[in-house]
Amino acid sequence: MSRRHRWILIAWLMVVTSLPRGSIEASPAASSSQPSIPLSIAAEGAVIVEPVGYIGGPIQVLTIHSSYAYVGVGRNLLVMSLADPRRPKVVGYVRLPDMVNGVTVAGGLAYVTARDGVWILDVSDPSRPRIAGRAPGGATRSAIAGNYLYVTYATVTYQDGLLFGFGGLRILDVSNPAAPRELGRYQEEMLLAGNVALAGSYAYVEDTFTHQTVVFDVSSPTSPRKIGTVNPSPNRVDMVIGNYAYGVASDWGVPPSLVIMDVRDPSAPQVIGSLSLTELSDASRMTVVGNYAYVVGITETLGSPRGSLQVADVSDPRHPRWAGSSLLPPSSEATDVAANGRYIYVTDRWIGLRTFDGNDPRNPQEITTLAFPGSATRIATDGSYLYGIGMGNKLWIFNAPNPPPPWLAGYQDLSTQGFDTEALDIAASMNRVYIAIGGRLEIIDARNPAAPTVFRPTILAWGVDAIGNQLYVANYTGLEIYDMSNLASPQRIGFLSGDMERVTVVGNYAYARSFNQLLIIDVRNPTSPRLVGRYTVPTPSNNAGLLIRDVAVDHNRAYILYPTDGGGDRLEVLDVSQPESPRRMGIYDLPRDWHAVGVEAEGAYVYLLRAKCSLSSLEPYRSTLQILDVHDPSSLRVTGSYEIPGCAEDIEKEADYIYIAKWDELMVMRIHQLDRSVYLPLVLRNR
């Protein structure tokens, strides 16, 4: 297998791996249901968790029909009014069990392709979309003609160190949306089918493995036939208009191209024109409006990738010419494009929907952005709002605890200055957010979340925590304590020397992490913090970087996470009732190759988030939320476990809710006390 094909398979494995079903929720009048709870229940009086929502996700699918845009955001299909192009707004949504791959709209119905099948939505009232039917089976993209829906699919599995893949084209009869029927299919090993476009009785299917367009004869819906491929390759068909098919083509190591095919004989499309898009390193999607084609993708600017909208003049299909371009902001990623009148709409994977005025097609101007949270990998809450740091260095401010789309109360751009602008830590108190980013402190006043204010004092910061008006900052000089009554002018009121990486403050004590030591600091007098105790964990031979991964403190117990020499991580319980002499009470070792992400504790239970996200393995990413009974800390007992698809990055608990941050969405879980009044209805509801 070539290196190129190996990487294609890795990418497909990440995209098409099946996920467990989550909740199904539609906006106001739509039906909803909840998932089963895969927990092993230990005893009455325990706690269980139930997924109740998913916030945001990658923004990568866009279709415009009439004056509405249908946008795939993670597991959600958002319906947006474009009546005022300068102020697009969400008017309805449906939350689905799996990530949205594509959407086709026709006749008041939206056909949404996802890894768990095709969902048919009634969108005749765009403000109240509802689920009308479903056709099970994997689905990548779709196209419709009359009562027939043409659906591509691809499946990649990993077994015993080997990769296996197959895919193809399915044809569904959707004349009865409540009961779609599969009429026929074509399936082939390693045909990893992507986009599909129709021309008469022929379907053009993208093979993402070979980068070719496969031609199918679909004149008989019960027996689609593969009749050949389009040469020269690479090529892909995105849309067919009249006698011409338009698409973009990418191949390993060369700039993508705009490709135009003559389809007057649809059984044998001929490539008649192409244009190398040298400003792009990768092309995602394209659309054609009049004499112009708009292609979105990624460009490299001084080694930093960003989104780009490229414009080509296609008035002469045999000789397309480059006409202009518009760069998106740094850290953007353009994923899809569609047009409505003179306006061009571009989805930005991590940021939202961007609107361009194409009055001058050669020079489209961005006029507005409707933000959606594409990801959140560091999270904190102050009880009023949930705050998340996402790709592109955005601070998202979410309405808590479980908001509907578009989810946001506001957002703020964070610093992009300097070589390393990774967000290391986040804390929140009294609608003020403190972020350690790139080794510096950023302060966001979110008391007016729709218009937050940012402050950037010259304060070094690796870790932060906040209680009321006091801010605790860990850095290589030690622990600094600030009075934050005036955000524009923080006043340092206390300092303790030492090399500290993170800090957690509970009650009268700060628990600082310093390589392999947990430092316990008395902060009852913040002007004179005092080191009163320390606890040292073993240092594994292969350790590099931050050793103690996380700390949670509750009822005179500290719960710390750190790696071991065995290849796994460990949860250790400490008695800190005598902070001068913390002592071990118990341990819980994670299985080998599982990484401890974070820990939260309350009362008799600990919530341990772990992940298996090895870049060196082709296995799909996995995460698990474990509930541990710590009544007897010398014998920690797992009372429940919830499988979470993907790679978990952070965990935060607030009241009865647990928030789990992943690169592709923010998961909301509700904690229930297990007694008959709660458990029995949950069981009955999920039977």
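The values are calculated or read from the model by the stated rules, or taken from the named source; none is laboratory data. Keep in mind that what you see is a predicted model, and the values were worked out from it rather than measured. Note that we place each Cβ from the backbone using ideal geometry, even for glycine, and neighbour counts take in every protein chain shown. Calculation scope for accessible area: heavy atoms of the full protein, side chains included, ligands and nucleic acids excluded. Shrake-Rupley method; radii C 1.70, N 1.55, O 1.52, S 1.80 Å.
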Projecting the Cα atoms of Gly273, Val71, Val52 onto the charge dipole of the chain, where Lys and Arg contribute +1 and Asp and Glu -1 at Cβ, the residue farthest towards the positive end is Gly273
The chain, convex hull of Cα, quarter of hull surface, nm² -> 30.3
Once all protein chains are kept in place, Trp663 shows an accessible area at probe 1.4 Å, nearest 10 Å², of 90
For region 64-139, inverting the pair-averaged 1/r of distinct alpha-carbon atoms gives a Kirkwood value in Å of 12.2
Applying the gyration tensor rule to the Cα atoms of region 207-356 (axes a ≥ b ≥ c; rounded if a/c under 1.5, else prolate if a/b exceeds b/c, else oblate), the class is prolate
Taking r as the C-beta separation of Arg592 and Leu162 and R0 as 22 Å, the FRET efficiency to the nearest 0.05 is 0.50
Shape descriptors of region 315-376 over alpha-carbon atoms, Rg and Dmax in angstrom, are 13.1, 45
Helix 3-16: inclination vs the chain longest Cα principal axis, degrees, rounded to 10, gives 70
Given a 1.4 Å probe, the accessible area of the chain per residue, as a whole number of Å², is 39
Toy charge model, Lys and Arg Cβ at +1, Asp and Glu Cβ at -1: region 361-459 dipole around Cα centroid in debye, rounded to 20, equals 140
Quick calc, the chain, dipole around Cα centre from Cβ unit charges on Lys, Arg (+) and Asp, Glu (-), nearest 20 debye, gives 740
If the chain between Ile241 and Gln491 were fully extended at 0.36 nm per residue, the gain over the current Cα-Cα distance would be 83.5 nm
With all protein chains present, the chain has a carbon and sulfur share of its accessible area (1.4 Å probe) in percent of 46
In Å, the C-alpha Rg and Dmax of region 465-581 are 14.7, 48
Magnitude of the Cβ-charge dipole (Lys and Arg +1, Asp and Glu -1) of region 525-655 about the Cα centre, nearest 20 debye, reported as 360
Note: region 447-527 at 10 °C, 1.306 mPa s; Kirkwood Rh on alpha carbon pairs; Stokes-Einstein D in µm²/s works out to 121
For the chain, the charge dipole (Cβ of Lys, Arg +1; Cβ of Asp, Glu -1; about the Cα centre) points to a positive end, and the Cα of Leu479, Pro579, Tyr605 closest to that extreme belongs to Tyr605
Computed curve, region 111-225, Cα-only Debye sum without solvent term, log₁₀ I(q)/I(0) at 0.12 Å⁻¹, is -0.43
Rounded to the nearest 10, the angle in degrees between the Cα long axis of helix 676-685 and the longest principal axis of the Cα atoms of the chain comes to 10
The farthest towards the positive end of the charge dipole of the chain, of the residues Ile389, Val295, Gln517, given +1 on Cβ of Lys and Arg and -1 on Cβ of Asp and Glu, is Val295
Amide H neighbours of Gly494 at under 5 Å, excluding residues fewer than 5 places away on the same chain, with H built from the backbone geometry, are Ile481
Rh_Kirkwood(region 259-338) over Cα pairs, Å, one decimal, evaluates to 13.3
Quick calc: nm separation of the 7 Å Cα→Cβ label points for His631 and Arg583 -> 2.3
Hydrodynamic calc, region 351-414: Kirkwood Rh from Cα pairs, then Stokes-Einstein at 10 °C with viscosity 1.306 mPa s, so D in µm² s⁻¹ is 123
Whole-number value, in Å³ per residue, for the convex hull of the alpha carbons of region 228-302 is 87
In nm, the gap between the two label points placed 7 Å beyond Cα toward Cβ at Ser415 and Arg447 is 2.4
Excluding near-sequence neighbours (fewer than 8 apart on one chain), the chain holds lysine pairs with C-alpha atoms under 30 Å apart numbering 8
Inter-part gap, Cα centre of region 511-553 to Cα centre of region 577-639, in whole angstrom, is 18
